[in-house]
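The values are calculated or read from the model by the stated rules, or taken from the named source; none is laboratory data. Not measured: the values here are computed from a predicted model. Here the Cβ positions follow ideal geometry from the backbone for every residue, glycine too, while neighbour counts run over all protein chains shown.
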Amino acid sequence: MKPTGNTILITGGTSGIGLAAAQALQAQGNTVIIAGRRQALLDRAAAATPGLQTLALDVSNTAALPTFAADLIARFPALNVLINNAGIMVAEDVLATPDGTAAATITTNLLAPIALTAALLPHLRAQPTATVVNVTSGLAFVPLASTPTYSATKAALHSYTQSLRHQLRGTSVQVLEWAPPAVQTDLMPGHAQNPHAMPLADFITESLALLANPPASGELLVERVKFLRNAEANGSFDETFAMLNPA
């Protein structure tokens, strides 16, 4: 992905990694559109970052994504980058009565990026160069047992991204996977204050350097996530799982 001159859509762009990436990418000379469910947060982001474009979107309403995509393309015909960032992470007790959390997590974290990518892919393939970035997680490789559905959706999105990359080989569309470690955001209560999580600004700085020059694997991995990504390959999975999930 070229570092500047892109037109970029970031879902889940009103806070956390999405908003920080939007601000940094705009500062590099890109046109950035953030999408989110809450208009008040979209307005606040636009006020804080002049020039940032905003669109209301609830990605969990997958039936509406083709119409959203058509409207987006009509308004921003130069769109050439999609960053599927929207996601939810909720702790679940598998012994409790199901409350809809699993279904909502699967829809938002997995079905929505698949559906939005499919809706935008004909347009992206028509661009001279284009990029799809799927935001997964280090927990795609070693799950956090207290968030079983979140971890499972990120593992599934990792697999989907590999297949998407293979199917789009030889086209103008580059497919990247962005797998964060724990980052100081409000994804879950207390994460923003977690001293063991990676500072958001440091994460964005390191990630943007990777985005500008992605490795051949197509995986954007900051140093602090590699112990998770490589755990199974290097034989440390059991030890790493136990560290994340103490008995």
If you check Thr97 against the conditions, is it more than 14 Å from the chain's Cα centre (by Cα), farther than 21 Å from Asp186 by Cα and in contact (Cβ under 8 Å) with a residue 60 or more places away in the chain? no
For a quick check of your reading: which strands (runs of 3 or more DSSP E) sit entirely within segment 1-91 and have at least 1 residues that are surrounded by fewer than 21 Cβ atoms within 10 Å (Cβ to Cβ) and in contact with a strand residue (DSSP E or B) (Cβ under 8 Å, 6 or more places away or on another chain)? 7-11, 31-36, 53-56
Selection over segment 180-190 where residues are farther than 18 Å from Ala140 by Cα and either in a helix (DSSP H, G or I) or among the small types (Gly, Ala, Ser) (or both) yields a count of 1
Which condition does Gln193 not pass, out of (1) touching a residue at least 60 places away in the same chain (Cβ under 8 Å); (2) closer than 16 Å to Ser15 by Cβ; (3) not β-branched (Val, Ile, Thr), if it passes all the others? (1)
Select, from Ala145, Ala155, Ala119, Ala209, the only residue that is free of Cβ contacts under 8 Å to residues at least 24 places away in the same chain and either part of a loop (DSSP other than H, G, I, E, B) or closer than 24 Å to Thr105 by Cβ (or both). Ala155
When the residues of segment 217-229 are narrowed to those that are assigned to a loop (DSSP other than H, G, I, E, B) and touching a residue at least 40 places away in the same chain (Cβ under 8 Å), which ends up surrounded by the fewest Cβ atoms within 10 Å (Cβ to Cβ)? Gly218
In the set Thr107, Thr117, Thr101, Thr97, which member is over 17 Å from Asn30 (Cα atoms) and loosely packed, with under 14 Cβ neighbours inside 10 Å? Thr97
What is the one condition in (1) buried (at least 17 other Cβ atoms within 10 Å of the Cβ); (2) out of contact with any Phe, Trp or Tyr (no Cβ under 7 Å at 6 or more places or on another chain); (3) at pLDDT 95 or above that Leu187 does not satisfy? (3)
Selected residue (criterion: surrounded by the fewest Cβ atoms within 10 Å (Cβ to Cβ)) from residues of segment 167-182 that are of a type outside the set (Gly, Ala, Ser) and within 13 Å of the chain's Cα centre (by Cα): Pro181
Residue that is nearest to the chain's Cα centre (by Cα) [pool: residues in segment 190-245 that are closer than 19 Å to Gly16 by Cβ and among the small types (Gly, Ala, Ser)]: Ser207
Residue check: is Leu124 touching a Ser or Thr at 6+ places or on another chain (Cβ under 7 Å), in a helix (DSSP H, G or I) and buried (at least 19 other Cβ atoms within 10 Å of the Cβ)? no
Provide a single number: the residues in segment 231-243 that are surrounded by fewer than 18 Cβ atoms within 10 Å (Cβ to Cβ), under 17 Å from Ala140 (Cβ atoms) and either aliphatic (A, V, I, L, M) or touching a residue at least 24 places away in the same chain (Cβ under 8 Å) (or both). 5
